[in-house]
Structure formats: C-alpha cells, structure tokens
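Quick notes on the structure that follows.
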Amino acid sequence: MTRNAEPEPRSLSLGGHVGFDSLPDQLVSKSVSQGFSFNILCVGETGIGKSTLMNTLFNTTFETEEASHHEECVRLRPQTYDLQESNVHLKLTIVDAFENYLQEELKIRRSLFDYHDTRIHVCLYFITPTGHSLKSLDLVTMKKLDSKVNIIPIIAKADTISKSELHKFKIKIMGELVSNGVQIYQFPTDDEAVAEINSVMNAHLPFAVVGSTEEVKVGNKLVRARQYPWGVVQVENENHCDFVKLREMLIRVNMEDLREQTHSRHYELYRRCKLEEMGFQDSDGDSQPFSLQETYEAKRKEFLSELQRKEEEMRQMFVNKVKETELELKEKERELHEKFEHLKRIHQEEKRKVEEKRRELEEETNAFNCRKAAMEALQSQALHATSQQPLRKDKDKKKSDIGAQQSGMSISSSKVMMTKANVEPLNCSSWWPAIQCCSCLVRDATWREGFL
C-alpha cells in the first residue's frame, strides 16, 4: 500500500484585519518573560585561557572553584549563572549534558515549558598556538564530539605567534579537520539577513582570540587589553585578534541558531539512538502499527533474562570464591597444625632435658648433705676424744710422749677420715650409720697403711 498524498492547502484572502499578524510580537514578549538558556562547553588544556575568555565574552567575572587534577575519573562539572542585559534574562551554563533533558522528556507528566534546558549548545575547543599542526588528542576528541555538539575551534593566546604564522596555522588546522572528517559548526547562510556576514566569518575559522579583563589606557580611553614590554594587545581591536568576530557570531548573530541546531540535529540524533537501544522503533506504511505495550513487555523480558543471567554468573562467581577461600583456609590450618606439632616436640624434648637436669641436681644435693653430716660427726668425735685426755703435769716424760703420740694419731686419723669422707660419698640416711662407716674406713687396712 502507498500512503495517499495529502492535499495542498488553498490560499485565501482576508476581507479585513484579523490580528494574527501580532503573533511574532506575542512570541517575543513570551520569550522575554520566560528568559533564555545557553550552555557552553569549554575544552582545552589547563592554563590555556578558558576562564579568562568566558569572563571577557560576557564582560563579567565568573566565580569558579579551582579544578583538581587528582580526580578518580573524568567528569563534567557544570556551573550555572543568571545574567541580565536590559530586560532579557539569560541562564548561562558552562558544561552539562543531554541525559537530564531526555529523562524529563520521557516522563508521563513532564514540564518542558519551564524546565531548565541542560543540553550543550556550543563547544569552544581551545587549540594551543604551536604554529605547527593539531595534536592527535585534539583530532580524536573533536571527532568524538562533532556528532554530539556544535564545535567552534579557537586558537587561544593568539598574541604569542606572528600574523604570518597565524595565517598559515589556520590553513593547516582547517586542512587537517577536513582530511580527518571532523565536522565543525558552520554559520548558516540560508537566512538572507545574515548570509553575507556568516559566509565571510566561515572563512575566518578558526578564530584566533586573546582574552583579558584588565583595562589599559590607550590614548584618551580605557580598553581591555594585555600589556607587554613591547606594546599593547587590544582585545576588541580586530587588527590584533578575532575576539570581536567570535563574540558577534556566538552571541549577537547565531546564538538562536546554535540552540536550534542542538535541538533539531544533535539532540534528535542522541534521542533516536537511546530510544533504539531501549527497543523503540518507528512504524511506516509497510509495517505493523507500533505498540508501546508490546515493546515494553519485550524489553521487560529481555531485561529479566539478562538479570537472571547476571545473577547466575554472580552466584557461580560467589561459589567459586567460597571454594577458593575454603581451600586457602584448609591449607593454612594444615600449616598451623604442622607448626604446632613441631613446637610440641621441641617442648617435650626441652621438658625431658630439664627433668634430667633436675634429677642430677637432686642426686648432687643428697650426696652433699651426706658428706656434710659425716664431716660434722667426725668433728664431734674428734673433739670428744680430745676432751677425755688427762692433763697431768707431774707425769713422767715417757707417759707424756706416749699421750702426745696417741693424741696426734687420733687427730691424724680424724683428718684422714674427713678427707676420705670428702672424696668418697657415703650413702647413709642418718648420722649414726655415717659414723659407723667412717669407723670402718678407719679400721680398714688400706687406710691404716696410708695413715702410717
């Protein structure tokens, strides 16, 4: 089947004034009361002048926090500001994304009328003024961004290279962008009111800019410029840089076209891709009518099956992890048991050695006590024998010599027995057997021969 061609509308003439010619005025009044939003993404190296150029473009100072270079991942950090010029309000956001707007659009009860548009309308890509060529990282980054946002390339700090080098650098940049298939934003030429100026400005891309918020006195007036020992670079002097061209094209001429291009081209492409990922498809004349319920059920079944698959994978992963942990614990337990048995054997061996040392010490202590008791007994006997000798002064010399000889023999015998007691231990349990043993030793022939 072929779709029937719709009839063309007929043109009619009005018999008098109706009033819908005031519709543009109504739209202007409504737009002014609602205000506008404009979101800018600034991409470039650190210290290349992104914040300075933003302050110069909007003739104000944006309070921004210093970015950290130790983040765990790359992320966008949006900054939103409310600006007002005359009676027009502008909500300016520096960096954001499409996802929030799409989520709001897909709601059943959505409020796009007063919803803050977070979609990026333009990307100002800052290029380092090397004078040679674009870096590979710049080409890859712009290639990734050109289907998602309007890119306007900018040569930052253009006062660091000469005019001849700058002209060659611009030609080289545009040649590399074309050869690598990078699509940058082209100012529209379909509107007769701006076609001429936009055609001229397209030839000046990329813009070479200088940013500064400092005012320098040049002649009789103060201008925003950068002061150098060799002279002054005026920001708003078109002979010095392209800042005025950038401001005219970005804010004063093509801001609404940038917003429209973002909505009709980049956002629609993003929205179509996301909806196709979710399973939504457009119906045409040859296909069956599109059913949201069927699509929902199909995606729900697909999601549940995917969820079950991931759950099974996680369960299997958990079981394997538990088994590995159990094996590791068993191995550690075996090692600890072996270490315990080894220490136990060492402890028993040390205990046995200590027990042997204790028995030897007890034997030496008993032997010492026996020798000590025998020596005390002998000393007591010798003292008793000495005290029983008669002390007679009037005896004759013979008896005196005999008594002295007997006493000497007794003392020598005591000394010999004491010496023997110190040399040979006596296994006696009390003092009386010890004395008897010592007496036997004295009566022994060997002792007597040694004594004589």
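The values are calculated or read from the model by the stated rules, or taken from the named source; none is laboratory data. Since we're looking at a predicted model, the values are computed, not measured. Note that we place each Cβ from the backbone using ideal geometry, even for glycine, and neighbour counts take in every protein chain shown. In case anyone asks, the SASA skips ligands and DNA or RNA and just uses the protein heavy atoms, side chains included. Shrake-Rupley method; radii C 1.70, N 1.55, O 1.52, S 1.80 Å.
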For Thr141, state whether it is out of contact with any His (no Cβ under 7 Å at 6 or more places or on another chain) and closer than 27 Å to Phe38 by Cβ. yes
Please go through region 146-194 and give me each residue that is open to solvent by 40 Å² or more (accessible area, probe 1.4 Å) and either aromatic (Phe, Trp, Tyr) or closer than 21 Å to Gly211 by Cβ (or both), ordered by number. Lys157, Thr160, Ser162, Lys163, Glu165, His167
Gly49 fails exactly one of (1) more than 24 Å from Val88 (Cα to Cα); (2) at pLDDT below 80, namely (2)
Just one of (1) surrounded by 12 or more Cβ atoms within 10 Å (Cβ to Cβ); (2) modelled with pLDDT under 85 trips up Ile127, so point out which. (2)
Residues located in region 164-185, provided they are under 37 Å from the mean Cα position of the chain (by Cα) and in a helix (DSSP H, G or I): Leu177
Pairs under 7 Å by beta carbon, first residue open to solvent by 50 Å² or more (accessible area, probe 1.4 Å) in region 132-143, partner modelled with pLDDT of 90 or more and among the aliphatic types (A, V, I, L, M), six or more apart or different chains? Lys143/Val182
In region 136-191, what residues are among the aromatic types (Phe, Trp, Tyr) and within 20 Å of Leu250 (Cα to Cα)? Tyr185, Phe187
In region 201-231, residues that are within 24 Å of Ile151 (Cβ to Cβ) and exposed (fewer than 11 other Cβ atoms within 10 Å of the Cβ) total 1
Checking Phe38 against (1) at pLDDT 75 or above; (2) surrounded by 10 or more Cβ atoms within 10 Å (Cβ to Cβ); (3) assigned to a strand (DSSP E or B); (4) more than 39 Å from the chain's Cα centre (by Cα), which single condition isn't satisfied? (4)
Selection status of Ile251, in contact with a Gly (Cβ under 6 Å, 6 or more places away or on another chain) and either buried (at least 18 other Cβ atoms within 10 Å of the Cβ) or touching a residue at least 12 places away in the same chain (Cβ under 8 Å) (or both): no
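Would you say Leu383 is part of a helix (DSSP H, G or I), at pLDDT below 90 and not β-branched (Val, Ile, Thr)?
It is true that Leu383 is part of a helix (DSSP H, G or I), at pLDDT below 90 and not β-branched (Val, Ile, Thr).
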Within region 223-236, how many residues turn out to be touching a strand residue (DSSP E or B) at 6+ places or on another chain (Cβ under 8 Å) and either of a type in the set (A, V, I, L, M, F, W, C) or free of Cβ contacts under 8 Å to residues at least 24 places away in the same chain (or both)? 8
Counting only residues in region 254-274 that are surrounded by 14 or more Cβ atoms within 10 Å (Cβ to Cβ) and polar (S, T, N, Q), the one nearest to Leu53 (Cα to Cα) is identified as Asn254
Has region 291-300 got at least one residue that is at pLDDT below 95, in a helix (DSSP H, G or I), in contact with a Gly (Cβ under 6 Å, 6 or more places away or on another chain) and among the β-branched types (Val, Ile, Thr)? yes
